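The values are calculated or read from the model by the stated rules, or taken from the named source; none is laboratory data. Keep in mind it's a predicted model, so treat the numbers as computed, not measured. Here the Cβ is made from the backbone with ideal geometry for all residues, glycine too, and neighbour counts use every protein chain on show.
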Amino acid sequence: MIPTAYRRHAIGVIAVILLSAAWALWRWPVEADWYTPVMAACWRLGPCMAVLWLAYPEVNRLPAWLIGVIPLLLAILAVRPRWFLIALPIVIALVILKPKAGRS
């Protein structure tokens, strides 16, 4: 089993590599079919990995069932973007109405 600290370092290294690759592809453009999608993916995934690196201690405390639900919800919203208008108020209501841990 890999210790948690090493996972966080690996995420940070991946973020730096993706951002460096995005910058290099932007700085020195290439005349190829793969150039634009790879540069776009690096520009999008680099900051996402950096945010994950910053939030890793909090993400590590998420319930196990949520790890499966989040990609499913993102896939549904990618296929049907208008459902975001329905999903956002429901998520806000669930966060606001969630029972506090100290009350009985």
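For Arg61, only one of the following conditions fails: (1) at pLDDT 75 or above; (2) farther than 23 Å from Cys48 by Cβ; (3) part of a loop (DSSP other than H, G, I, E, B). What is its number?
It is condition (2) that Arg61 fails.
Got a number for residues in the range 21-40 being part of a helix (DSSP H, G or I) and either touching an Asp or Glu at 6+ places or on another chain (Cβ under 7 Å) or free of Cβ contacts under 8 Å to residues at least 12 places away in the same chain (or both)?
Taking the range 21-40 and keeping what is part of a helix (DSSP H, G or I), we get 21-27, 35-40.
Among the residues that remain, those that are also either touching an Asp or Glu at 6+ places or on another chain (Cβ under 7 Å) or free of Cβ contacts under 8 Å to residues at least 12 places away in the same chain (or both) are: 23-24, 27, 35-37, 40.
Matching residues across the range 21-40 total 7.
Do we find a residue being surrounded by 13 or more Cβ atoms within 10 Å (Cβ to Cβ), over 15 Å from the mean Cα position of the chain (by Cα) and either assigned by TED's automatic domain parsing to the domain that holds Ile90 or among the β-branched types (Val, Ile, Thr) (or both) anywhere in the range 23-45?
yes
Within the range 63-74, does at least one residue satisfy the condition of being surrounded by 10 or more Cβ atoms within 10 Å (Cβ to Cβ) and touching a residue at least 12 places away in the same chain (Cβ under 8 Å)?
Yes, some residue in the range 63-74 is surrounded by 10 or more Cβ atoms within 10 Å (Cβ to Cβ) and touching a residue at least 12 places away in the same chain (Cβ under 8 Å).
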